[in-house]
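Rule-based calculations on the coordinates, nothing more; no lab input. Values in this document were obtained by computation on a predicted structure and should not be read as measured data. Quick reminder, even Gly has a Cβ in these numbers, built from the backbone with ideal geometry, and neighbours come from all protein chains shown.
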Protein chains: 2
Amino acid sequence: MAQAIVKQTEDYARWYTDVVQKAELADYSPVKGCMVIRPYGFGLWENMRDGLDRRFKETGHVNAYFPMLIPESFMHREAEHVEGFSPELAVVTHGGGKKLEEPLVIRPTSETIIWDMYRKWIQSHRDLPLLINQWANVVRWEMRTRLFLRTTEFLWQEGHTAHATAEEAEEETLRMLDVYADFAETDMAVPVTKGLKTEQEKFAGAVRTYCIESLMGDRKALQCGTSHNLGQNFARAFDVTFQNEQGERELVWATSWGVSTRLVGAIVMAHGDDDGLVLPPRLAPIQTVIVPIYKTDEEKTATVAESHRVAGLLKDAGLRVHVDDRDNFKPGWKYAEWELKGVPLRLEIGPKDLEKRSVFTARRDVREKAPLPVDGVAAGVAEKLETIQQAMFDRAVAFRAENTRRVDTWDEFKEVLEAEGGFLQAHWDGTDATETAIQEETKATIRCIPLDDDVEEGACVYSGKPSKRRVLFAKAY
Amino acid sequence: MAQAIVKQTEDYARWYTDVVQKAELADYSPVKGCMVIRPYGFGLWENMRDGLDRRFKETGHVNAYFPMLIPESFMHREAEHVEGFSPELAVVTHGGGKKLEEPLVIRPTSETIIWDMYRKWIQSHRDLPLLINQWANVVRWEMRTRLFLRTTEFLWQEGHTAHATAEEAEEETLRMLDVYADFAETDMAVPVTKGLKTEQEKFAGAVRTYCIESLMGDRKALQCGTSHNLGQNFARAFDVTFQNEQGERELVWATSWGVSTRLVGAIVMAHGDDDGLVLPPRLAPIQTVIVPIYKTDEEKTATVAESHRVAGLLKDAGLRVHVDDRDNFKPGWKYAEWELKGVPLRLEIGPKDLEKRSVFTARRDVREKAPLPVDGVAAGVAEKLETIQQAMFDRAVAFRAENTRRVDTWDEFKEVLEAEGGFLQAHWDGTDATETAIQEETKATIRCIPLDDDVEEGACVYSGKPSKRRVLFAKAY
């Protein structure tokens, strides 16, 4: 450790990869475009997975597992789906030493294989709704990759639900968007804007794609999750019908929704600073690190013992705690390491703290330092962690507010985008042509048509044609 | 449901696939050799995963994730490893629409990619031990597949550890064997025999392979997990060295160990009967099902309300409970369905039970029925579940004892194997030739050289040559 990371203002992209690697979240692998998620990064992902999985189960979903290998022909069943995913497929042509009769693709997403099974499982309205989620790895062949944000193989969850009516499918699509937003804001401390993707940006095979969008430290946007209303597209492609209460056969309605290890990147970029990661307490693999401070052997014995005693109290209270009692590193070196790793709260325990029956606390987020009585230390630490969680969210909300601007002319649009970045709230005439032209001239894309009720008539910032509401533009990852 | 399953005595193999499919544990997929793990089966696997993961973490391991795609050349670095796995590889030759310069194989196991990373991560004795586990899907091209027991793609965990000394690696190998045995016996209620694999049966690339072996209902053996001491084989192949405390560079010592979704098959076959699954309470997705019994609407209202109230009490006590209040099925139909699905305990609540302030209980394992007072129902149910867990284990232990026989002559060996199956404890001369000859003549394999201290001199059951201890033979899955 103790390795310098470049400053954010100097080179944000390098800062990002420096932090991800030096904090040991992930590492490059020998396979192009694929990364290794290291134990510290995977511990973070496990906590994220648990927070999401709990929410999925609370909303009535169950987990299952479908094959990773999909007959190539399945991809061709839904016209938009194959067009969207064909360029990204990894293809298995040989198995067990022989050439396969039909090539298999590694799932880039699982709608096709899942809807092929749903045909078997869904017969009657009594079989609906079917609310299944899968935690899995997927492969999308990527040319330009970046750790967590865009990799050839990544981990994600994909929900695939089947419903009797269009209304139920739309409700489910929005319910899961809310679940994602709640997770992002409550657990990740990352404020998100819920919205609808444009026709050009929607999922290949969806009727409508909803998304949550967030703002990173460099004022670029990151799509954090998507929830798709698939209409009857996949039911039609895979011939999935059910007998309704009147005894008639109808096509089934579908949704799918997913978030991935990309969210780890969102946490890094939404909260990190020049010293490294700043992890939200709810998800941090280590919420509190305890560093004993000593000079003499006698002091060492006493402070190390007290550190482990305090750690035991915190563990009993359900907190994730680590004692750094390595004796080959100085305290200052340890502080830097745990700051790089974004541990939300550090406790220092020295001889004077022992005398005063207190511990010394240092917050990672605002660098505030304060003593805390050792009596009731677990409650005190828990309270501080909650304060940190809320403060991180509040700061991110304020940052987004500062970096969200209403722009009404094309010059203003370009100026603000170039000078400051962030979200631009601007009127758009609703056409693909304008959306494409704006992207080509500025690299900004429509992140979403927000779901809020901030509606006003206006003129398209680019074409001057009439518009019924502002949409959210930004340069994005 | 309500579909008949064939009797075990009639056709055990068909009984197995009937139960797995009709209890909705898994289903065949359109991809040859690959299965779908359905929500009920995945719920069981989730509980198994959690029980194992907790034990791995308690013994100091952390989880990580390594790429699924491995450069084909990596497989060739370790001579025995490539020989063992080459015939089973799935090969990706095209990605992103182009032919790859070097084909990639889908991991059949991850030693190669992991040890390539360990070269980067391990420099000093301070970096050791490195104790990493991975939960992942793997692919081994199989010709003859069977749901859970042998599928082309399967889910598993694979631990990969690195150590400074041969002694530490051996200790770790045996520690994880003990972890597996504890999980199998305590959570799965499946007694296992710990032992060493013969040279012919050991993992491709290992110095020594330890295993746990269990006996299924048809008296065939099933290998439930393996733990490998890899010596310095992979460190040598991937050039992984560390600086010891004396400042000299040494090759690192390795272990790997894994169990898979095959264990679901073990639970099915160790405990199931002609009515279907019998699940051990610790792992059952539903530990208790509550069925309200009623004739009139008034009775329905009262018994359904009481069922949900009791379910609430059980849930508050941390139990997994389901109320089957569907009104389109009769109680008898529901009983058969939940028996097929192996739910350990059924509660029936009818009008008379309401009067008597009790519930009626029915155990799945021994079909014992008894009333239980509704006051303190949660404690009563929890106690019954513990009783069932222990009884299932005890029965399986007794079954194994009945079906383990000492045989001393070749005729006896063949007779007992043919007539009764089970484990045969017999002397073996320690040669590959004898092991192969016995397998060719009888299909029985050496399951393991047990680790117990039941040692005695004797003469090989086949060759008559001297032997220092009995080994365990069986026909196996």
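Below, the figures for the structure above:
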read-out	value
Placed amide H near A:Cys448: partners under 5 Å, 5+ positions off or other chain	A:Leu472
Size of electric dipole in the range A:1-137: Cβ of Lys, Arg +1 and of Asp, Glu -1, about Cα centre, debye, nearest 20	340
Charge dipole (debye, nearest 20) of the range B:288-384; +1 at Cβ of Lys and Arg, -1 at Cβ of Asp and Glu	280
Quarter of Cα convex hull surface for the range A:349-398, i.e. mean projection, nm²	3.4
Gain in span if fully extended, A:Thr431 to A:Asp11, counting 0.36 nm per residue against the direct Cα distance	147.6 nm
Relative contact order, percent, chain B [alpha-carbon distance under 8 Å, six or more residues apart]	14
Proximal aspartates and glutamates to A:Lys295, defined as alpha-carbon separation beneath 16 angstrom and excluding residues fewer than eight positions away on the same chain	A:Glu306, A:Asp324, A:Asp325, A:Asp327, A:Glu348, A:Asp353, A:Glu355
Farthest positive-ward along chain A dipole, Cα basis, beta-carbon charges - from A:Ser214, A:Gly41, A:Leu177	A:Gly41
Computed magnitude of the charge dipole of the protein assembly as shown (debye, nearest 20; Cβ of K, R +1, Cβ of D, E -1)	40
Linear extension gain, A:Glu168 paired with A:Arg249, 0.36 nm per residue minus alpha-carbon span	27.4 nm
Gyration tensor (alpha-carbon) shape descriptor, the range A:12-271, a/c threshold 1.5	oblate
Computed [θ] at 222 nm, helices only, for chain B once each DSSP H run of length n ≥ 4 contributes -39500 (n - 2.57)	-11000 deg cm²/dmol
Other copies of B:Arg144: label-to-label distances in nm, shortest first, labels 7 Å along the beta-carbon direction	5.3
Teacher prompt: A:Gln200 distances to equivalent labels in other copies, 7 Å Cα→Cβ, nm	6.7
Protection proxy ranking of B:214-225, A:401-412, B:126-137 - average other beta-carbon atoms within 10 Å, highest first	B:214-225, B:126-137, A:401-412
Mean-position separation - Cα centroids, the range B:147-220 and the range A:306-363, in angstrom	38
Low-density loop cleavage sites - GluC sites (Glu not before Pro) in the range B:167-246, where at most 14 other Cβ are within 10 Å (DSSP)	B:Glu199, B:Glu245
Above-threshold pairs, the threshold being 30 Å between Cα atoms, out of A:Lys202/B:Lys22; A:Lys120/A:Lys202; A:Lys22/A:Lys315; A:Lys194/A:Lys465; B:Lys334/B:Lys384; A:Lys341/A:Lys475	A:Lys202/B:Lys22
Tensor-based shape of the range A:80-187 (alpha-carbon gyration tensor, a/c under 1.5 rounded, otherwise prolate or oblate)	oblate
Sum of side-chain charges, A:Gln200 neighbourhood, beta-carbon under 10 Å (Lys, Arg +1; Asp, Glu -1)	-2
Between the range A:224-253 and the range A:27-102, the Cα center-to-center distance that results, in Å	23
Amide hydrogen neighbours beyond the local backbone of A:Ala476, cut-off 5 Å, H modeled	A:Ala221, A:Thr445
A:Gly225 long-range amide H proximity, modeled H, under 5 Å	A:Ile212
Efficiency of FRET from Cβ geometry, B:Val397 and B:Gln123, R₀ 56 Å, rounded to 0.05	0.70
Position A:Glu298, label points 7 Å along Cα→Cβ, spacing to each other copy in nm (shortest first, one decimal)	8.4
Pairs of Cα atoms farther than 50 Å apart, the protein assembly as shown, %	26
In order through the range B:398-412: 3J(HN,Hα) via Karplus (6.51 cos²θ - 1.76 cosθ + 1.60), integer Hz, x for Gly, Pro	5, 4, 5, 4, 4, 10, 10, 10, 7, 10, 10, 10, 5, 5, 4
